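Worksheet: the structure to be examined is printed underneath.
The values are calculated or read from the model by the stated rules, or taken from the named source; none is laboratory data. All values reported here derive from a predicted model rather than from experimental measurement. Ideal geometry is used to build each Cβ from the backbone, glycine not excepted, and the neighbour counts take in all protein chains shown.
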Amino acid sequence: MNILRVALDLPLPRLFDYLAPDSDESDIGRRVNVPFGTGSRTGVIIELVASSEYPDTKLKTVGEILRDMPALPKEWLALCEFCARYYQTPLGEVTSFALPPMLRRGKLPRMKPLPPPSAAAVGPTLPRLLAAQQHAVEAIVGTEGFQAMLLHGVTGSGKTEVYLRAIDAVLARGGQALMLVPEIALTPQLEGRVAQRFPGVHIVCANSGMADAARARGFLDAQAGRAAIVLGTRLAVFMPMPRLQLIIVDEEHDSSFKQQEGLRYSARDVAVWRAHQLNIPIVLGSATPSLETFQHAATGRYRLLDLPERAVAEAMPVVRIVDTRREKLQEGLSAALITGLQLRLARGEQSLVFLNRRGYAPVLACPPCGWVSRCQRCAANLVLHLADGRLRCHHCGFETRVPRACPDCGNVDLLPFGRGTQRLEAMLVERFPEARVLRIDRDSASTPKKWQALLATIHAGGADILVGTQMLAKGHDFPLLTLVGAVGADAALFAADFRAPERLFAQLMQVGGRSGRADLPGEVLIQTEYPDHPLYQALVQHDYVRFAQSQLDERRIAGFPPFSFQAMLRAEARTMEQSLAFLATAREAAAALADGVTLYDPVPMRLQRLMTLERGQLLVESLSRPALQAFLAAWMDKLHAQKMPGGLRWHLDVDPLEF
């Protein structure tokens, strides 16, 4: 009798064998309902085998093989197997994650008929390409087989137009194209632009904010080849596409491409593997590439395509450093920035004040007794949100009302310390009563509908001064925006995370690039107490290459990625002693396996308490990726075989971005 080997969504690194009398090779890749324990589960058939290590009398019979949709293709299963192997995650958890929720529950959506193609549909008039854009398009279109390409273009250089021309060539050959973006907020905007360029072409979006049925329909349309273009966030990398001929990863440097829970994968890296697997080109685009990608391009592993000029605006915005060491700021704003705002108001232009900290103030405090608004569940402060009178933790979501008096001493004069976007908004409304001030952050744009309404207001000229976080740092073209002021950026210069300078440079260059993207010249003012810092000087010169090379030199000396490869074992328990004890035991278990691998000591995480659990971490590092992978596979076998203390949870993060 045939035996099916099934991947189930369980934290166990194994497959499960079931008897299946009515099955054959065509069932590999199908979903299947199987009995498990006292209930049943839906899994994916990975193999059909003739025998099992268990006797037939010990095996259960499958409940039902779901043949209501085509079997998942071998390439899709291979992609999941790669992720399971590389990220040391059970295959059942990977296949479950990669399927839309409705399909993983064993259900199918009601499919909608596709509208008939319109022969009369005509796309917009195409803009004229610059020489560098034309060269990039020809390089991408002319590539046969696998080739990873870094499209390094300054902000406003027309990278999206290059993508669209390359996609057009793919569609003309009857192929499919996959385009990944970092944020859900960017998907509708990009979808509108792509739909306008390709009228009559079936385009599918994929992101976690979509309804279950819509995600499942998109998945099935992509698998059947009905969808010619798939746009989406990181989860779209798992969309099955039988005629996939091109993958594009826009803003490839963005940390949003790395999943921070469950299957901790990098969609960018998985996309590169998938392109290699299918022997097709992949384009990684950014004005500020990740140092890993930039190093690959510098060493010739990736092909570099450069866009050194803006496509519409005549010049890059002028970047000025405002020295705030000897200046008394007005609610955090320098005289130069206030003057710049006044000038734009007089000219009818838009300004953006960038502060990457939402809420009214980072903390509420009582100066007489020293009480501060701390989270009860995390090692973090509660952020003051004055607009709705709440104190909120931005890590675990806990919130409470703002107290009328100090809980410790009864003092009623509680003071906010520091500033967030709400406080900055209030100050600007008071300072410029004639201006229309619009705040853009996770609170004001809490739903896709609100986000689209805010964008529509900006594009319609309904706002004079924008106050925004990193939500406005990428992918947006506001023709009237000519001034960007960055405040509160210095803290990242001295953060413990070695990636902090890279993130800060990318953030400031991206947000500064929002200014002067049309006919009006742009200006960027960066307030700092460290005006001579090399990072700021590189920003003034728009010199990403100099900054990247200096960072790579520092990392080479320190032995940090991309010159080494890392994995982080994390544990959380009711006490820090339990977490660190488990990590110490795990380190001892790894000692005999650590050939070519460095094991560091267990330490508390930077945010050591989250959701009432105490968290520790253990860093593993190697100069060889294969050596690290071999070690991790053997180490995980040992850890999975151990009996874990009650209440303790652990996970492994390969290529971690957060420390």
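Those strands (runs of 3 or more DSSP E) of segment 31-127 in which 1 or more residues are in contact (Cβ under 8 Å) with a residue 40 or more places away in the chain and among the polar types (S, T, N, Q) occupy 31-36, 39-49. If you filter segment 407-447 down to residues that are touching a Ser or Thr at 6+ places or on another chain (Cβ under 9 Å) and more than 22 Å from I338 (Cα to Cα), you find that the one that is surrounded by the most Cβ atoms within 10 Å (Cβ to Cβ) is S444. Got at least one residue in segment 63-73 being within 30 Å of the chain's Cα centre (by Cα), surrounded by 18 or more Cβ atoms within 10 Å (Cβ to Cβ) and either under 30 Å from H276 (Cα atoms) or not acidic (D, E) (or both)? For segment 63-73, residues within 30 Å of the chain's Cα centre (by Cα), surrounded by 18 or more Cβ atoms within 10 Å (Cβ to Cβ) and either under 30 Å from H276 (Cα atoms) or not acidic (D, E) (or both): present.
Considering only residues that are among the hydrophobic types (A, V, I, L, M, F, W, C) and closer than 18 Å to I140 by Cα, which ones fall in segment 295-318? Of everything in segment 295-318, those that are among the hydrophobic types (A, V, I, L, M, F, W, C) and closer than 18 Å to I140 by Cα turn out to be A297, L304, L305, L307.
Within segment 57-81, the set of residues being closer than 18 Å to D24 by Cβ and of a type in the set (S, T, N, Q) comprises just one member, T61.
Cβ separations smaller than 6 Å between residues 6+ apart or across chains give the following pairs from segment 518-539 residues that are farther than 18 Å from T339 by Cβ to residues that are aromatic (F, W, Y): L535/F505; A538/F547.
The conditions of being touching a residue at least 60 places away in the same chain (Cβ under 8 Å) and closer than 21 Å to R347 by Cα are not met by G420.
Filtered by the rule that a residue be more than 20 Å from P115 (Cα to Cα), of a type in the set (A, V, I, L, M) and assigned to a helix (DSSP H, G or I), segment 178-219 gives L186, L190.
Cβ separations smaller than 7 Å between residues 6+ apart or across chains give the following pairs from segment 451-473 residues that are touching a residue at least 40 places away in the same chain (Cβ under 8 Å) to residues that are acidic (D, E): V467/E425; G468/D441; T469/D441; M471/D441. None of G461, G468, G512, G522 is surrounded by fewer than 18 Cβ atoms within 10 Å (Cβ to Cβ), among the small types (G, A, S) and modelled with pLDDT of 85 or more except G461.
From the list F582, F631, F560, the one residue that fits, being in a loop (DSSP other than H, G, I, E, B), outside the structural domain of A267 (by TED's automatic domain parsing), among the aromatic types (F, W, Y) and buried (at least 17 other Cβ atoms within 10 Å of the Cβ), is F560. In the set (1) loosely packed, with under 14 Cβ neighbours inside 10 Å; (2) over 26 Å from E191 (Cβ atoms); (3) among the basic types (K, R), the condition left unmet by R392 is number (1).
Note on segment 634-656: residues that are of a type in the set (K, R), within 22 Å of K258 (Cα to Cα) and not in a strand (DSSP E or B) total 0. Sort through A336, A298 and tell me the only one that's under 28 Å from L352 (Cβ atoms), modelled with pLDDT of 95 or more, surrounded by fewer than 19 Cβ atoms within 10 Å (Cβ to Cβ) and not charged (D, E, K, R). Testing whether each residue is under 28 Å from L352 (Cβ atoms), modelled with pLDDT of 95 or more, surrounded by fewer than 19 Cβ atoms within 10 Å (Cβ to Cβ) and not charged (D, E, K, R) leaves just A336.
You will find that of C366, C375, the residue that is under 21 Å from R442 (Cβ atoms), modelled with pLDDT of 90 or more and outside the structural domain of I458 (by TED's automatic domain parsing) is C375 and no other. Restricting E327, E331 to residues that are acidic (D, E), surrounded by fewer than 14 Cβ atoms within 10 Å (Cβ to Cβ) and outside the structural domain of E138 (by TED's automatic domain parsing) narrows the list to E327. For segment 87-100, the set of residues classified as under 19 Å from the mean Cα position of the chain (by Cα) and more than 21 Å from L220 (Cβ to Cβ) consists of Y87 only.
This table checks each residue for (1) within 25 Å of E252 (Cα to Cα); (2) more than 26 Å from the chain's Cα centre (by Cα); (3) modelled with pLDDT under 95.
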position: R110; (1), (2), (3): no, yes, yes
position: P115; (1), (2), (3): no, yes, yes
position: S118; (1), (2), (3): no, yes, yes
position: T125; (1), (2), (3): no, yes, yes
position: I140; (1), (2), (3): yes, no, no
position: F146; (1), (2), (3): yes, no, no
position: L151; (1), (2), (3): yes, no, no
position: G156; (1), (2), (3): yes, no, yes
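Filtering segment 585-628 to residues that are of a type in the set (D, E, K, R) and either surrounded by 16 or more Cβ atoms within 10 Å (Cβ to Cβ) or part of a loop (DSSP other than H, G, I, E, B) (or both) leaves R587, D595, D601, R609, E614, R615, E621. Within the bounds of segment 432-447, is there any residue that is part of a helix (DSSP H, G or I) and modelled with pLDDT of 90 or more? Checking segment 432-447: not a single residue is part of a helix (DSSP H, G or I) and modelled with pLDDT of 90 or more. Counting residues in segment 158-165 that are outside the structural domain of P100 (by TED's automatic domain parsing), part of a loop (DSSP other than H, G, I, E, B) and of a type in the set (S, T, Y) gives zero. The sole residue among H459, H385 that is within 30 Å of R615 (Cα to Cα) and not hydrophobic (A, V, I, L, M, F, W, C) is H385. Of the residues F494, F563, the single one that is at pLDDT below 95, over 16 Å from I321 (Cβ atoms) and within 24 Å of the chain's Cα centre (by Cα) is F494. Selection of segment 83-113 for residues being surrounded by fewer than 22 Cβ atoms within 10 Å (Cβ to Cβ) and among the aromatic types (F, W, Y) yields Y86, F97.
Is it the case, given these coordinates, that A195 is without any contact (Cβ under 8 Å) to a residue 40 or more places away in the chain, in contact with a Ser or Thr (Cβ under 9 Å, 6 or more places away or on another chain) and within 25 Å of F257 (Cα to Cα)? Taking the combined requirement at face value, the residue does not satisfy it.
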